[in-house]
Every structure is written in structure tokens, then in C-alpha cells.
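The structure appears right after this line, and notes come after that.
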């Protein structure tokens, strides 16, 4: 564990939404072939001394190949297993639409008692398989609110990373918006009455690193969501916020995010990717071997840059302890 008392230290957090193959295609039969492609990514992380937090959902938790992979990184202390919950295929299976696998409802769209049961079931499955306490979490499809945060606290989770600063999401079947546009873009202990505010809860929120596009016209994009062609043209003219998340075309902006974080003396950056994006054909963006080769070229450049800028590898659980030590030292002074 690195001391946080050196103010020059900065951390590179890698979060992987560890889930079935190409869920963007809304399959009724979910496969987990991408589990065989994770060791290559893990080797790249270890080459640079970085640790990934594999935020794991139901189908991957029950996949024997991923189980072997996860137990190995835990044994060697080279990564973390956390929880990621997709409500539509996590037991108990109770439909709330004509086809939940197609509509992929948010967990928060299910009745409260079903929500709680899905959450505790998923936590128990991960604990039983990997024999470690679950402390880190990301909500499926970024659907997160105060009710969800309180359930995390009740189940003794320490870290959430569901908040996407400068971004909002619309519900699948309800007229609800998960609006994170005004949330902090730094680590903060949540206010359980308003997750957009720092508070005194024991739950540390570590938002994904997203840099805003400061063009005021960007906020107009929500009015074009029902018109895909217009929205596509609008995003070309006024790019949406920049994520520390590869898409095959954004290595320049990701490197710029790292350098900006150093200039601003940020304590961490948080990278994210889906496990299925590491497999050819596992996602819309990386559909063949050529696209995967480009992805790994970008990852190599990004990780090399992070290493040269003296970013230190840490899991979400590691960083919780670092942030807590920093917070306590600031209070003491």
C-alpha cells in the first residue's frame, strides 16, 4: 500500500464491466466466450504494474473460465473482483416487460423487494464463488440513485463507480432520468439523500473520468434523442464529453485526459471498458481482429503514457483505503 501523504502521488484505476458477449445485440441466450480473452488484457496491466477491478455480473460469475481467471488474480493480488448487476438475467427472474432480455430494464425499474433480492443474491453468488467480501460495485447501465446507494451501504459495500459526470441516462421502461450532469468529477463520500452531493455516508463514490465539452450547445443533445440521424449529425458538430474509455478513435483525447489530470493535480483517473470489447465480435465497436489490434495498440500507448506520468496502479478497494487515509490526514491537520 502506498502512503497518500505524498501529494504528488496519482493513481490509475482500471474498471472492467465484466459481462456476457455483445449485450448491445440484446441476446436471449447470453454467452461468455470473452472470458478467454481476458488473460491477454491482464498481462498488459501487469506489464505496467496496473491492477484491474473486474466488476462482475451473473453470467460471468457463473462461467467456469472466468471463475478460474478471477481466482488466479485474487490469489496473486493482481486485481479485484467486484459486483456489476444486470437486472434482467440476475435471479430471481421475474419479468416486468414482455421481454426483459430485449428491453434490459434497469434494476431500479423493478419492484423494491425484487430489487433487494436480486442485489443480495448477486452479492452472495460472488462471495461464495470467489470467497472474498464484495466491496466494489458499478450499477448495470449506469442506473444509480439514492435508493440504490442506501442498499449498497446496508450491504456494507465501500466503493461505487456508477456516476458518470456530465452525462445523463434515460430509463428503459419508465420516464426516469439518471442525471449525473451536476455530480462531482472527483472521489467523494456520498450524501445518501442526494448522490450529486458530497456527504457523510461510508460509501465512497469514484466517478468515471469524463471531461466535459464546454460548448453550451452540447446540452441541447437531449432534445434529439428520438431522432438518431439528427443526433448523429449533432454529435459530429458538437462532440459529447470525452471519456477515459477506448472507442478505437480517441487515443489522442485519452492521452490528453491523463496529462490534464497531472496538471490539475487530480488524485486518480478512472478508465473503463467492457470485458466483451476485448474479443473480436464481442461489441459493436471492436467487431474483428483488426479492430482488436487497433484497440491493443491504443491500450499500449495509453498505459505507457500513464506509467511515464508516474500514475500508480490500484484497485477500487485499494483506492478506498488511500482516499480514507488522505481524508483522515486532512481532518487531523
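Readers should treat all values here as calculations from the given coordinates under stated rules, not as data from a laboratory. Remember, it's a predicted structure, so these values are computed and weren't measured experimentally. Neighbour counts are summed over all protein chains in view; Cβ atoms, including those assigned to glycine, are modelled from backbone coordinates with ideal geometry.
A few remarks follow.
- Global geometry of the range 142-212, whether rounded, prolate or oblate, following the gyration tensor of its Cα atoms and the 1.5 cut on a/c: oblate
- Shape of the range 75-227 from the C-alpha gyration tensor: oblate (a/c of 1.5 or more and a/b not above b/c, with a ≥ b ≥ c the square roots of its eigenvalues).
- Think of it as helices only: each DSSP H run of n ≥ 4 in the chain is worth -39500 (n - 2.57), and spread over all residues that comes to -11000 deg cm²/dmol at 222 nm.
- Scattering curve values for the range 1-82, log₁₀ I(q)/I(0), Debye with Cα scatterers, q = 0.11, 0.19, 0.20 Å⁻¹: -0.35, -0.84, -0.91
- As a rough guide to protection, the peptides 129-140, 317-328 ranked by mean Cβ packing within 10 Å, highest first, stand as 129-140, 317-328.
- A simple packing score, the average count of other Cβ atoms within 10 Å per residue, orders the peptides 68-79, 17-28 as 17-28, 68-79, with the highest score first.
- Cα-based values for the range 125-169, radius of gyration first and Dmax second, are 11.9, 37 Å.
- Spread of Cα-to-Cα distances over 5 Å intervals beginning at zero, given as percent, for the range 1-153: 2, 8, 18, 20, 19, 14, 10, 5, 3, 1, 0
- Anisotropy class of the range 94-139 from Cα gyration tensor, a/c 1.5 cut: prolate
- Between the range 306-333 and the range 123-162, the alpha-carbon center distance in angstrom: 21 Å
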